[in-house]
1. For Cα pairs less than 8 Å apart in space and 6+ apart in sequence, what is the mean separation divided by the residue count of chain C, i.e. the relative contact order in percent?
2. Using only the C-alpha atoms of chain C, find the volume of their convex hull and express it per residue in Å³.
3. Any chance you could give the angle, 0 to 90 degrees and rounded to 10, that helix A:23-36 forms with the longest Cα principal axis of chain A?
4. Which of C:293, C:233, C:132 moves most in a GNM of chain C, Cα contacts under 10 Å?
5. Let me see the P(r) profile for the protein assembly as shown: every Cα-Cα distance counted, bins of 10 Å, each bin given as a percent of all pairs.
6. Under the Kirkwood approximation applied to all pairs of distinct alpha-carbon atoms, what is the hydrodynamic radius of the stretch B:44-157 in Å?
7. Any chance you could check the Cα centroid distance between the stretch A:64-100 and the stretch B:1-77 for me, in angstrom?
8. Okay, helix-only estimate at 222 nm for chain B: each DSSP H run of n ≥ 4 adds -39500 (n - 2.57), divide by all residues, round to 500 deg cm²/dmol; what do you get?
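Every number in this text was worked out from the coordinates using simple rules, so none of it is lab data. Bear in mind the structure is a predicted one, so any value in this text is a computation, not a measurement. Here Cβ is always computed from backbone atoms with ideal geometry, including for glycine, and neighbour counts include all displayed protein chains.
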Ligand SMILES: [Zn+2]
Ligand SMILES: [Zn+2]
């Protein structure tokens, strides 16, 4: 009946603050990463799998994982580039509501003990043309004063020339 | 991190939204904004007048399209005083404020709304309030097309 | 033994990128009325309701409070189910369980999404763990770009394999009046002109963000036999929750899809899925996922789906029709999407799908829903009188 009439909506920005408890496993992982630049994994005493990130119980054999430092292993931070994507689709940051427009490189890396990890590939001026599967990579931490106890304290992974 | 110390990650969500009123509620809010008029809607099958209006009858699931002009006057059914301050985003004004359910004359449902800004305008005191009190709507001057175009209800003096 | 459930009515809205003409409740009413009309039932006959969506897309929480009035559930049992991308599939499962338990004779499931009201990209990122990868995830598009990368690498599929899937689904959607994207596409070359989102993933490889709703009515066997519609029997259903994987590491990440299909096929004596099942409506949000997942469900050997696609095997009039509705790549109102798969399967098995009715004799249908990083819901339906 009023098809062509003006349709109203309510535009709003919902902003809610949170404080997430990380617990003794992820908390220790994030603290070690922030304070010492160390990247820890745990090994399940039951089935001997390496678990990334560290957690309280093995999800397949239900064995309790010991708290730090029992059985916690710091990775070397080095690995192999498996594949990468050039992210040209604008990303929205749910923490700020802002859209990140500039493209960036995102890679999948094989770290020690065959653990896979997805993260940024850098630095920003890295030439995508020279990337090849199997290249050696290395973790680059943000400067100490910029770290905030998040996985993004790892700035990016960079290519290591042979 | 010492043993027993809790590691807490601070964060937030800040996301934009745009919620649509739909055809029927848009018509209601345009009328309120442009003419300062309140309209309800009647279900002929259930013989009920809904305010706020809705396009679907919750009783018989029928389509509602019969508009009914309602006066800006009504009866207070119940009320409360909000003291708790939980942030500007979720509250229409800074507490304390009065909130009531008002059944407009000619409507079968009650509208939850503000009652006179007791702390700002003094148009109503909490002591005056009681179920059955006759009230009228005060409209905003620069109406925007949302429910706060009715600033509040106040006692008919 | 549990009571055998049947689908006795289905309904859906048309799906668009924006429906400013209706609010969320009104959108649900459209689907509810269509389902009641299909089942030829008045609203008061429904004994219980299961409703859901993925609320972070609209930023409106506890939607069940507002849906109750609009689906005809005032004063009746109603529960909300919200399991992310699988919401629609879980809605169907829970409705089946309500009936199978013997507690209710007629149950309605209603799913919806209204994605234009929020930001889907932001919404999906909030699914990621803020203690782990929320701050560096690239969301669904990044995920499916990796699926495409891996699929090409592991199967030797050509770069246009995804575009062939789009071409098939566009042809299907053109026959389905409810579909959202009804693109007029004639050749693979035409599809290959769509821009990249994240190479090798093109815009044409991804699902749209849709608004729409779907409802189904489920009845006990005894009640279903008395109703006017030919019942569609619900033979079995399951869900698989995989270990939370933070990183996609090749084939192992399709474990949930493999387990779900394997469990249903084993329990129901299905040895040759492509023969024993006549139609599949699978929840694949990207073209490349459709190929990879048809293999994961066990419909064909690993690395063969793209070859079968090239031969036109998956067309609605082909030997094994996949997503004759146009699938998720053409229509994705997230909270309704899994339910649409079930509803479309039911229409096919009843022979009521109209222009996109499969030409093969409909016997059994397989529908799925998928979400998060490791969650599959699967249903097995069969036609009446088999
Ligand atoms: Zn273990
Ligand atoms: Zn009515």
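1. Details: 910 pairs, mean separation 100.3, N = 386.
The value is 26 percent.
2. Details: hull volume 49.2 nm³, N = 386.
Spread over its residues, the Cα hull of chain C gives 128 Å³ apiece.
3. 80 degrees
4. The residue that fluctuates most here is C:132.
5. 3, 13, 21, 22, 19, 13, 6, 1, 0
6. Details: mean 1/r = 0.0653 Å⁻¹.
Value: 15.3 Å, from the Cα pair sum.
7. 42 Å
8. Numbers: 1 runs with 13 residues, N = 157.
Mean residue ellipticity, 222 nm, calculated: -2500 deg cm²/dmol.
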